[in-house]
Amino acid sequence: MRTRRLRRRRLLTSSLAGLTAAVCIGMVGVDRSQATPDTDDAAPVAAQDPVGPPQDDFPSALAYSLARPAAVPTGANDFTCRPGTAHPRPVVLVHGTMENRYDNWAGLAPKLKEAGYCVFALNYGGGSGAVLGTGDMKDSAGQLADFVHRVRAATGAAKVDLVGHSQAGVVARYYIERLGGAAEVDKLASLSPPNHGTTFSGLGLLAATIPGGTALLGTACKACSQQLIGSKFLADLNAGGETHPDITYTVIATRYDEVVTPYTSAYLDAAPNVTNVKLQDLCPAEVTEHAGISYNDVATRLVLNALDPAHAQRPTC
C-alpha cells in the first residue's frame, strides 16, 4: 500500500510540474518565430511542421513541445491517408486546456496509426507557443468544425470519430450540438472531460466567493472560467439534454483526477448511447491522474474499444 501511495505521489508531482512549467512558459512568452499562430482559426497544417517522436508520458512530451510548439505526433496529419474498410472513419484527436496536439497525443496517435486508422490532430484555442486551448470554447468548437471539414474533404469520409482530452470533450459536444457536428461525427470518446464543470480543486469555488473573481480567472484563460461548476457556458450547453441520439459517447475517468474535481463531474447523464467508465473499476490499482490519462495503457485500450466495439478487448491491468 505504501508503494502505491509513493507511486501515485510521483505521478502527480511529475504531471503537475509539467503543467506548471507549461503555464509559466505561456505567461512569460516564447520565441514567436516558433510559436503556433494565435488566430481565430485553427492553426493551419503546414507541410514543414516537424513530426515528433512517440512518447511514453506527458512530462516528456511537454518538454519536447516547449522547444517545438508546432510538432505533430507520429502518425498524425497524413492528408494522403485514405480510410480502409476496417476503419472507415478518420480519428480526430483534440487536445485539452493549456496543452497542444503533440504533448497530449504523442503516445496515442502512433498507436492508432499502427491499428490502421487515419489519424489527425489540430492545435486550437489561442494561447502562446505550446500552451494552447485557453480561448473561448465556442470559438474553439468552430476551429474544430473547420478542421473536421478539411479532414473529411481530404479523406473522402462522410464522418469522423473524435477523441478528446479534458476541455476537448466539451468543445466536441458544443460542435456536435450547435455547429452541425451531429451530421459529421459518429463517435466521441472523452478522457476526463469536465462535462458538469470542475472546482479546479477548489480554485473555482474560491474565485466564485470573490467579487469579480470568476471574471478575473477568465481574463488569461476564458476556457478555464467556462469549465467551472455553475458556469453559464456549461449550463447552456447541458440544458435540454447532454447528448445527441445519433452519436455514441464514451467517457473515461480516473478517481485520481486532480483537475476535473470531483472526477464524477466527467460523466454524462445515463442514456442508451452513453458509456461512463472509471479506470479503477477495471483496474483498482491504477493511479493515473488528469494529464497522464492520455498516456495510460488502460485508457488507451478503452479508447480503442470505443472506436471499434466489435473487436473490443478487456484491458490488461
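The values are calculated or read from the model by the stated rules, or taken from the named source; none is laboratory data. All of these numbers come straight from a predicted model, not from anything done at the bench. Glycine gets a Cβ as well: all are built from the backbone with ideal geometry, and neighbour counts include every protein chain shown. Just the protein is used for accessible areas: all its heavy atoms, side chains included, with ligands, DNA and RNA removed. Shrake-Rupley method; radii C 1.70, N 1.55, O 1.52, S 1.80 Å.
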What's the total number of residues in region 50-67 that are at pLDDT 95 or above and assigned to a loop (DSSP other than H, G, I, E, B)? 5
Of the residues that make up region 261-278, is at least one open to solvent by 30 Å² or more (accessible area, probe 1.4 Å), among the charged types (D, E, K, R) and part of a helix (DSSP H, G or I)? no
Lone unmet requirement of (1) outside any helix (DSSP H, G or I); (2) open to solvent by 20 Å² or more (accessible area, probe 1.4 Å); (3) not aliphatic (A, V, I, L, M) for THR219: (1)
The one condition GLY129 fails out of (1) open to solvent by less than 10 Å² (accessible area, probe 1.4 Å); (2) touching a Gly at 6+ places or on another chain (Cβ under 6 Å); (3) of a type outside the set (A, V, I, L, M) is (2)
Considering only region 150-182, state which residues are touching a residue at least 24 places away in the same chain (Cβ under 8 Å), open to solvent by 10 Å² or more (accessible area, probe 1.4 Å) and not in a loop (DSSP other than H, G, I, E, B). ARG150, ARG152, ALA154, THR155, TYR174, GLU177, ARG178, ALA182
Unique residue being open to solvent by 10 Å² or more (accessible area, probe 1.4 Å), within 21 Å of VAL185 (Cα to Cα) and outside any helix (DSSP H, G or I) when the list is GLY116, GLY135: GLY116
Would you confirm, using the coordinates I've provided, whether LEU302 is of a type in the set (A, V, I, L, M) and in contact with a Phe, Trp or Tyr (Cβ under 8 Å, 6 or more places away or on another chain)? no
Condition first: buried (at least 18 other Cβ atoms within 10 Å of the Cβ) and either of a type in the set (Lys, Arg) or part of a loop (DSSP other than H, G, I, E, B) (or both). Now tell me which residues in region 69-86 satisfy that. PRO69, ALA70, ALA71, THR74, GLY75, ASN77, CYS81
Every residue from region 241-260 that is open to solvent by 30 Å² or more (accessible area, probe 1.4 Å) and more than 30 Å from GLY212 (Cβ to Cβ): GLY241, THR243, HIS244, PRO245, ASP246, THR248, ARG255, TYR256
When you go through ALA208, ALA235, ALA223, ALA253 one by one, which is the residue that is free of Cβ contacts under 8 Å to residues at least 24 places away in the same chain and closer than 25 Å to VAL185 by Cα? ALA235
Condition first: closer than 12 Å to LEU268 by Cβ and either in contact with a His (Cβ under 6 Å, 6 or more places away or on another chain) or modelled with pLDDT of 95 or more (or both). Now tell me which residues in region 217-250 satisfy that. LEU237, ASN238, GLU242, THR243, HIS244, ILE247, THR248, TYR249, THR250
Restricting region 285-317 to residues that are assigned to a loop (DSSP other than H, G, I, E, B), open to solvent by 20 Å² or more (accessible area, probe 1.4 Å) and not basic (Lys, Arg), which is nearest to GLY96 (Cα to Cα)? GLU286
